[in-house]
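**Q** My questions will all concern the structure given below.
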Amino acid sequence: MRTHLGCTGRVELGKLSPETQQRLEKIPATWLEIAPETNSLVVRHVQPDDVPALREITGELFDYLTAIQEQERRQIPGGALYYLDEQTGQSVRIKVWEGAFVTVAWAQPDYSRAKWERYREGPTPVVFDAYQRLNGVVKFQPRLGAVEEVQVVIDHFSGLYPQGEFEAMQVGDNLEVRFFDVNASVLELIQTLKAQANPAASLEGEIDVSSFRSGDVEDYCRFAIRGGEIWIARPNLWADLPQAPPKKVETAA
């Protein structure tokens, strides 16, 4: 069964005439609806049906956009809808740019050109704890009872997704810990790993943070730990920015 978490987002439509608002309110839709108080398209609580979700969402979006008068459509501020394919785990963004220019892109997290910053404890914009999906490997020289302390962080976290695997094995003097789709708080986990590494400089590895729900892709990140120092980077997700209009063609005199 689908839930409204399968699709999130909002598209601001701007100032609309009463006639246009009435037309929009009469459009039959499963996924989207008009929020008249803000003149925006929002995701409604969805009832299951047999129509492929992405086809239905994009179809409804275009039904709404084509029902808006051309002059009003040119003034649309825009927004985005995010859909998570539960079968493939792929996130899709349907972006409505200013003026109703529409693009569709599949998220492709790319850290090759990411900007790394030193992680400092405190408020950090990451995926909401309850939906965090952690993948990665870390290794360190452990204190006595380190495995149990890491296990506590994972087992006692009140997440919504208990699936996932956590492995810990001794490799020489180091403890190697692997995370596969683990639902846990990355900030709490990092704090515990730092506390259990002895010496602190022995802590090495990487942890990728993604989400079990759609709409969180902008908060995906990667933590890299080198010699006990922790760095954070955000991936480049979307490569569909609209290009600038071509320059005026120069002609020979």
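**Q** If I model a spin label at A105 and N236 as a point 7 Å from the Cα along the Cα→Cβ vector, what separation in nanometres do I get?
**A** In this crude spin-label approximation the distance works out to 1.0 nm.
**Q** Per residue, how big is the convex hull of the stretch 116-233 when only Cα atoms are used? Give it in Å³.
**A** Numbers: hull volume 10.5 nm³, N = 118.
That works out to 89 Å³ per residue.
**Q** Determine ³J(HN,Hα), in whole Hz, for all residues of the stretch 39-46 in sequence, where each value follows from phi through the Karplus function 6.51 cos²θ - 1.76 cosθ + 1.60 and θ = phi - 60°; x replaces Gly and Pro.
**A** For the stretch 39-46, the Karplus-derived couplings read 6, 9, 8, 10, 8, 8, 6, 8 Hz, x marking Gly and Pro.
**Q** Mind jotting down the distance between the C-alpha centroids of the stretch 196-231 and the stretch 43-88, whole Å?
**A** 34
**Q** Continuing with this model, one more query. Just to be sure I understand the model, the point goes 7 Å from the Cα along the line to the Cβ. What's the resulting E72 to S17 distance in nm?
**A** 0.8
**Q** Which residue, E98, E117, E19, has the most motion in a Gaussian network model of the chain that connects Cα atoms within less than 10 Å?
**A** Its mean-square fluctuation being the largest, the pick is E19.
**Q** Evaluate the charge dipole of the chain about its Cα centre and quote only its size in Debye, nearest 20, assuming +1 on the Cβ of each Lys and Arg and -1 on the Cβ of each Asp and Glu.
**A** On the way: 26 positive and 37 negative charges, 166 e Å.
Approximately 800 debye in magnitude.
**Q** Amide H to amide H, which residues 5 or more places from S40 or on other chains are under 5 Å from it, using H placed in the peptide plane?
**A** Here the answer is L13, A35, since their amide H atoms fall under 5 Å of that of S40.
**Q** Whole-Hz ³J(HN,Hα) for each residue in the stretch 138-150, computed from phi via Karplus 6.51 cos²θ - 1.76 cosθ + 1.60 with θ = phi - 60°, x for glycine and proline: what do you get?
**A** 10, 9, 6, 7, x, 6, 5, x, 4, 4, 5, 5, 5
**Q** So for the chain, Kirkwood radius off the Cα pairs, Stokes-Einstein at 10 °C and 1.306 mPa s: how many µm² s⁻¹?
**A** Numbers: Rh = 20.9 Å.
Translational D for this selection: 76 µm²/s.
**Q** Sticking with this structure for a sec: Using θ = phi - 60° and the Karplus form 6.51 cos²θ - 1.76 cosθ + 1.60, what ³J(HN,Hα) does each residue of the stretch 55-62 get, whole Hz, x for Gly and Pro?
**A** My calculation for the stretch 55-62 gives 4, 5, 5, 5, x, 5, 4, 5 Hz in order.
**Q** What is the mean projected area of the alpha carbon convex hull for the stretch 4-106, to one decimal in square nanometres? Don't jump to the answer; show the numbers that get you there.
**A** Working: hull surface 24.3 nm².
The orientation-averaged projected area of the Cα hull of the stretch 4-106 comes to 6.1 nm².
**Q** Place +1 on the Cβ of every Lys and Arg and -1 on the Cβ of every Asp and Glu in the stretch 84-127, take the dipole about the Cα centre, and give the residue among T124, T103, Q90 whose Cα lies farthest towards its positive end.
**A** Comparing the listed Cα positions along the dipole, T124 ranks first.
**Q** Let me ask another. Could you tell me which residue out of I225, A146, G136 lies farthest along the dipole of the stretch 116-233 toward its positive end? Charges go on the beta carbon: Lys and Arg +1, Asp and Glu -1, centred on the Cα centre.
**A** Result: I225.
**Q** Can you tell me, using C-alpha contacts under 8 Å and at least 6 residues apart, the relative contact order of the chain as a whole percent? Display every interim value, and only then the final one.
**A** Values: 489 pairs, mean separation 48.2, N = 253.
Relative contact order here is 19 percent.
Read-outs throughout are calculated quantities, based only on the coordinates presented, and are distinct from any laboratory measurement. Predicted, not measured: the structure shown is a model, and the values here were computed from it. Quick reminder, even Gly has a Cβ in these numbers, built from the backbone with ideal geometry, and neighbours come from all protein chains shown.
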